[in-house]
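Single-structure report; data block below.
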Amino acid sequence: MTDTVLVTGISGFIASHVAAGLLAKGYAVRGTVRNKVKGERIVEALAEHSSDTSRLELVEADLDSDVGWKTAVKDCRFVQHIASPFPMDAPSNREALVPAARAGAMRVIEQAIGAGAERVVMTSSMVSMMGQPGRGEHMRVKEEDWSDPDWKPLTAYPVSKTRAELAVWDYAAAQNVKDRITTVCPGLVFGPDTYDNGGASLGIIKGLFSGKFPMMPRIAYPVVDVRDCASLHIKAMTAEGAGGRRLMAASNTLWISDIAAILRETYPKAKLPTREMPDFMVKIGSFFDTTIKSIVPDVGVFHEADAAYVTALTGVVPRPAKDAVLAAAGSLMENGRMTI
Ligand code: NDP
């Protein structure tokens, strides 16, 4: 019998690449959506890019409600819990996203484990690791690093991701099911916008081209290509020793100015920014712009992923960050989301 995998939030950027990878491997995929129209659009986009969608079904479920999750997890051998709110602008209430992220994750995971899923892979984030006071100008991020969700400068998104992942590991320890749960913690996800649904992270590339950032803040995160991030999610379902682990999805680190320089080399006619924003200006800007507020704690810090253990456990070798940046820009040009 074909094994079924539940993919939550299948209409999203990372989830659609995971679904395509699962279908290519012969799994049946059940995807959850909040909005049927959005769901149908992603099924069409997957089919257009050669996925066999005869093994794909959609069910409706919202992380904010219990409705639908019991049916969603039924008979699934594996669960990929990827959905979580990821807004471009940070809500001013730093706890605002916690209900959907934490209670939503618990809804999915409790139902999945209760229904006998062999392993649940949940997409967390490196933001649940990096947000610590006193980390210095160069942080080598390790699997055991945790953000402090009570640290005041952290905004709604990292608070929600950290509280959700902490809750999941507390549950895993209490129920003695650690080996049936793996979290994937991606850095900044670029790569091709194959299904024309690239959300918040591709907004950075679009913003550099559109002139939204005339000056660049000094922030630096590990980058990963969405294709490698998706492969890691899939490997995490079955890799021996991946149960109970937090797998960083991360290649090398780029400053925003490095991303602009990579793009300038390939698109010399584009009006890309050349100047960095002084750190004090980022702080002033954060009073007026919620997008800027969310990066304030990270200004001036070079975050690097200590992620060799991930390749050792799963065999996934993430491609260089430069390739992920160029694939993102190329696809955004191709699907008309960005012009020079
Ligand atoms: P997208 O915005 O493309 O996908 C988010 C998905 O979550 C969408 O399918 C969205 O559904 C769904 N979702 C949001 N809120 C709810 C809710 N209340 N109930 C049900 N579904 C919901 O983002 P990405 O693909 O980039 O992100 C996917 C995951 O990866 C998230 O957990 C994010 O935190 C994590 N991540 C992303 C990184 C990146 O750089 N892109 C980096 C690190 C982690 P709908 O389409 O209906 O809005």
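The values are calculated or read from the model by the stated rules, or taken from the named source; none is laboratory data. Model, not experiment: these values are computed from the prediction. Cβ: placed from backbone, ideal geometry, glycine included. Neighbour counts: every protein chain shown. Side chains are part of the model used for accessible areas, which takes the heavy atoms of the whole protein and leaves out ligands, DNA and RNA. Shrake-Rupley method; radii C 1.70, N 1.55, O 1.52, S 1.80 Å.
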Given (1) at pLDDT 95 or above; (2) buried (at least 24 other Cβ atoms within 10 Å of the Cβ), identify the lone condition not met by Arg245. (2)
Just wondering, is there one or more residues in the range 308-330 that are among the polar types (S, T, N, Q) and within 19 Å of Gly199 (Cβ to Cβ)? no
Tell me whether the range 266-274 contains one or more residues that are open to solvent by 90 Å² or more (accessible area, probe 1.4 Å), in contact with a helix residue (DSSP H, G or I) (Cβ under 9 Å, 6 or more places away or on another chain), under 14 Å from Phe209 (Cβ atoms) and not charged (D, E, K, R). yes
Cβ-Cβ distance below 7 Å, separation of 6 or more or different chains: which pairs start in the range 155-167 with a residue that is open to solvent by 20 Å² or more (accessible area, probe 1.4 Å) and end on one that is of a type in the set (Val, Ile, Thr) and near the ligand (Cβ under 9 Å from one of its atoms)? Tyr157/Val127
For residues that are within 10 Å of the ligand (Cβ to nearest atom) and open to solvent by 10 Å² or more (accessible area, probe 1.4 Å), scanning just the range 77-89, find the one that is farthest from Ala19 (Cα to Cα). Met88
Which one is farthest from the ligand (Cβ to nearest atom), of the residues in the range 16-37 that are more than 19 Å from the chain's Cα centre (by Cα) and of a type outside the set (A, V, I, L, M)? Gly26
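Listed here are the residues, each with its yes/no results for (1) in contact with a Phe, Trp or Tyr (Cβ under 7 Å, 6 or more places away or on another chain); (2) open to solvent by 30 Å² or more (accessible area, probe 1.4 Å); (3) at pLDDT 95 or above.
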position: Val29; (1), (2), (3): no, no, yes
position: Asn35; (1), (2), (3): no, yes, no
position: Lys38; (1), (2), (3): no, yes, no
position: Arg41; (1), (2), (3): no, yes, yes
position: Asp62; (1), (2), (3): no, yes, yes
position: Ala72; (1), (2), (3): no, no, yes
position: Asp75; (1), (2), (3): no, yes, yes
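Please tell me if Ala96 is open to solvent by less than 50 Å² (accessible area, probe 1.4 Å) and either within 14 Å of the ligand (Cβ to nearest atom) or not polar (S, T, N, Q) (or both). Even if it seems obvious, please write down each step before you answer.
Working: open to solvent by less than 50 Å² (accessible area, probe 1.4 Å): yes; either within 14 Å of the ligand (Cβ to nearest atom) or not polar (S, T, N, Q) (or both): yes.
So Ala96 passes the test.
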Hey, does the range 189-209 have a residue that's within 13 Å of the ligand (Cβ to nearest atom) and within 26 Å of Arg119 (Cα to Cα)? yes
Could you say whether any residue in the range 127-150 is within 10 Å of the ligand (Cβ to nearest atom) and out of contact with any Gly (no Cβ under 6 Å at 6 or more places or on another chain)? yes
Note: among Ala200, Ala220, Ala250, just one is open to solvent by less than 10 Å² (accessible area, probe 1.4 Å) and either touching a Ser or Thr at 6+ places or on another chain (Cβ under 7 Å) or touching a residue at least 12 places away in the same chain (Cβ under 8 Å) (or both), namely Ala220
Going through the range 47-60 in order, the residues found to be surrounded by 15 or more Cβ atoms within 10 Å (Cβ to Cβ) and part of a loop (DSSP other than H, G, I, E, B) are Ser51
Scanning the range 168-204 residue by residue, the ones that are assigned to a helix (DSSP H, G or I) and under 18 Å from the mean Cα position of the chain (by Cα) total 4
Quick one: which residue in Lys212, Lys206 is touching a residue at least 40 places away in the same chain (Cβ under 8 Å), within 30 Å of Arg275 (Cβ to Cβ) and in contact with a Lys or Arg (Cβ under 9 Å, 6 or more places away or on another chain)? Lys206
Is at least one residue of the range 87-103 in contact (Cβ under 8 Å) with a residue 12 or more places away in the chain, of a type in the set (A, V, I, L, M, F, W, C) and within 19 Å of Lys178 (Cβ to Cβ)? no
Pairs under 7 Å by beta carbon, first residue farther than 16 Å from Tyr27 by Cβ in the range 63-83, partner open to solvent by 90 Å² or more (accessible area, probe 1.4 Å) and within 11 Å of the ligand (Cβ to nearest atom), six or more apart or different chains? Gly68/Glu60
Which listed residue, of Ser11, Ser16, is part of a helix (DSSP H, G or I) and either in contact with a strand residue (DSSP E or B) (Cβ under 6 Å, 6 or more places away or on another chain) or among the hydroxyl-bearing types (Ser, Thr, Tyr) (or both): Ser16
